[in-house]
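**Student:** Handing you a structure now.
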Amino acid sequence: MTASLDKQPGNPQPHVQWRGAFENVELNALHAHCFEHAVFDDDWWAQVNRFSLGWVTMRVRDKFAGFVNVAWDGGVHAFLLDTMVCSAHRRHGYASHLVRVAVDNAKASRCEWLHVDFDPHLRDFYFGACGFRPTDAGLIQLR
């Protein structure tokens, strides 16, 4: 399944990049905006460079507007985390495009599986727009 962007007049074309550069301050702000919490001072750059296969960044008119992280086990399993697009740019296909870039790069890296978990209200997005399929999984809440 290929993700298409809404190319209607007035919708800016984003600059999407695999393993794109970002500043911690802008990713912390985007995360706080998208997940509705206070802005933290996390060192995202060190975290993704240590634990991730890669990540996808999106800028719209040079403003940091989207991100998705692809963590992995060092082998054949990758894990999609923190899919984010700022509210001003939602509903144009940008998030599914970010996921498609993540999927394509995980495949190119010889991963065999890409896992994702999500809240129930995102089922249509991940199963419909992104092409994930339902599977049995387990979860233990640790905190």
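We did not get these values from a lab; they are worked out from the coordinates using the rules stated. Please read these numbers as outputs of a predicted model, since none were measured by experiment. Cβ atoms come from the backbone with ideal geometry, glycine included; neighbour counts cover every protein chain shown.
**Student:** Can you give me the relative contact order of segment 15-129 as a percent, contacts being Cα pairs under 8 Å and 6 or more apart?
**Tutor:** Relative contact order of segment 15-129: 23 percent.
**Student:** Mark the label point 7 Å from the Cα of Asp119 along Cα→Cβ and return the residues of segment 9-38 whose backbone N is within less than 16 Å of it.
**Tutor:** Once the point is set 7 Å along Cα→Cβ of Asp119, 31-38 turn out to lie under 16 Å by backbone N, inside segment 9-38.
**Student:** Rounded to the nearest 0.05, what FRET efficiency is calculated for Ser87 and Gln47 with R0 set to 25 Å and r the Cβ-Cβ distance?
**Tutor:** So, using R0 = 25 Å, E works out to roughly 0.55.
**Student:** Here is a further query. Please give the length that would be gained between Asp136 and His37 if that part of the chain were fully extended, namely 0.36 nm times their separation in residues minus their C-alpha to C-alpha distance (nm, one decimal).
**Tutor:** Here the segment from Asp136 to His37 would lengthen by 32.7 nm.
**Student:** Let me ask something additional. Beyond 18 Å, what share of the Cα-Cα pairs of segment 15-129 is found? Please give it as a whole percent.
**Tutor:** The calculated P(r) of segment 15-129 puts 48 percent of pairs beyond 18 Å.
**Student:** Can I ask one more? State, to one decimal in nm, how far the label point of Arg143 lies from the label point of Glu112, with both points 7 Å from Cα in the Cβ direction.
**Tutor:** For Arg143 paired with Glu112, the spin-label model returns 3.3 nm.
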